[in-house]
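The values are calculated or read from the model by the stated rules, or taken from the named source; none is laboratory data. Treat the numbers as computed from the prediction; the structure is a model and nothing was measured. Here the Cβ is made from the backbone with ideal geometry for all residues, glycine too, and neighbour counts use every protein chain on show. These area figures cover heavy atoms from the full protein model, side chains too; ligands, DNA and RNA do not enter into them. Shrake-Rupley method; radii C 1.70, N 1.55, O 1.52, S 1.80 Å.
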Amino acid sequence: MFIERLPEWLRRFARDAVFMGEPEKDGKKRVYLTFDDGPIPEVTPRVLDLLDEYGIKATFFMVGDNVRKHPDVYEEVKRRGHRLGNHTMHHLQGLHEGRDRYVEDVAEADGYIGSDLFRPPHGWLKKSQRRSLAGKYRIVMYDLVTRDYSKWLNADEVFENVKKYARPGSIIVFHDSLKSLPRLFDALPRSIEWLRKEGYEFDTL
């Protein structure tokens, strides 16, 4: 549970970050699909096609180096009307980096992505990094990590994480990455259909 949903006491250490979206709008429960680590040609276009099938817009937190290598995939995400976010240039783990190095990496990614949203890889930031970034970016964390990237889980277990932890306002994390590929296109459509059956609407951040 600690991985799938960060406990409330831990969220208090990052009060300036966003963990939940608006839980309800126009009388409808809301959830927010997000995708980390892309864009890559092996996965992201298939995610876009799937979202189109369901008429859903999502938020893609992109690694700047992937945007540099695959600008056509980046442009396709934009063209289809999805929200973009910064996920650093080189997928840096904040706890392993100094403030200046980390902030410079985020700024480099911003040159390719151009978004006011930022999500730290692995969900970890040092206080000095967070304070430096908070003036320019809305720092978006999450309420539910599906763990679609984990080789220790199968698609059924990823889907069960969605069923167990989703709630009104949940910011839900999937990954458009090679690590997630063995589970993503089984668990994602089932998750979308279950959430709709439970009365949820999908929104962007």
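Working from label points 7 Å from Cα in the Cα-to-Cβ sense, the residue 186 to residue 100 distance is 4.9 nm.
Residues of the stretch 7-39 with an amide N closer than 19 Å to a point placed 7 Å from the Cα of residue 93 along the Cα-to-Cβ direction: 36-38.
For the set 185, 60, solvent exposure ranked by accessible area (probe 1.4 Å, protein chains only) runs largest to smallest as 185, 60. Sparse packing (at most 15 other Cβ atoms within 10 Å of the Cβ) combined with a DSSP loop state is found for the following trypsin sites (Lys or Arg not before Pro) in the stretch 66-160: 80, 136, 151. Over every Cα atom in the stretch 98-205, the radius of gyration and the widest Cα-Cα span, Dmax, amount to 15.9, 46 Å.
Cross-link reach is defined here as a Cα-Cα straight distance under 17 Å, omitting same-chain residues fewer than 8 places apart; for residue 29 the aspartates and glutamates meeting it are 143, 193, 198, 201, 203.
Using 26 Å as the Cα-Cα cut-off, could you pick out the over-long pairs in 57/164; 164/197; 25/57; 136/197?
On the way: 57/164 23 Å; 164/197 15 Å; 25/57 16 Å; 136/197 38 Å.
With Cα atoms farther than 26 Å apart: 136/197.
Using a cutoff of 8 angstrom between alpha carbon atoms and counting only pairs six or more residues apart, the relative contact order for the chain works out to 32 percent.
What is the percent carbon and sulfur in the accessible area of the chain, measuring with a 1.4 Å probe over the protein chains and ignoring ligands? Heavy-atom surface of the chain belonging to carbon and sulfur, 1.4 Å probe: 49 percent.
Convex hull over the alpha-carbon atoms of the stretch 1-152: what's its volume per residue in Å³? Before the final figure, lay out each step's value.
Numbers: hull volume 20.5 nm³, N = 152.
Cα convex hull per residue, to the nearest whole number: 135 Å³.
Solvent-accessible surface (1.4 Å probe) assigned to residue 42 amounts to roughly 90 Å².
In percent, what relative contact order does the stretch 77-174 have, based on Cα pairs under 8 Å that are 6 or more apart in sequence? Write out the running numbers ahead of the final one.
Numbers: 118 pairs, mean separation 24.4, N = 98.
Relative contact order of the stretch 77-174: 25 percent.
Between residue 152 and residue 69, the distance separating the two model label sites (each 7 Å from Cα on the Cα→Cβ line) works out to 2.7 nm.
Given R0 = 25 Å, the distance between the Cβ atoms of residue 78 and residue 128 translates into a calculated FRET efficiency of 0.20.
For the stretch 75-205, what does the accessible surface come to per residue with a 1.4 Å probe? Please give it in Å².
Working: 5980 Å² over 131 residues.
So the stretch 75-205 comes to 46 Å² accessible per residue, rounded to a whole number.
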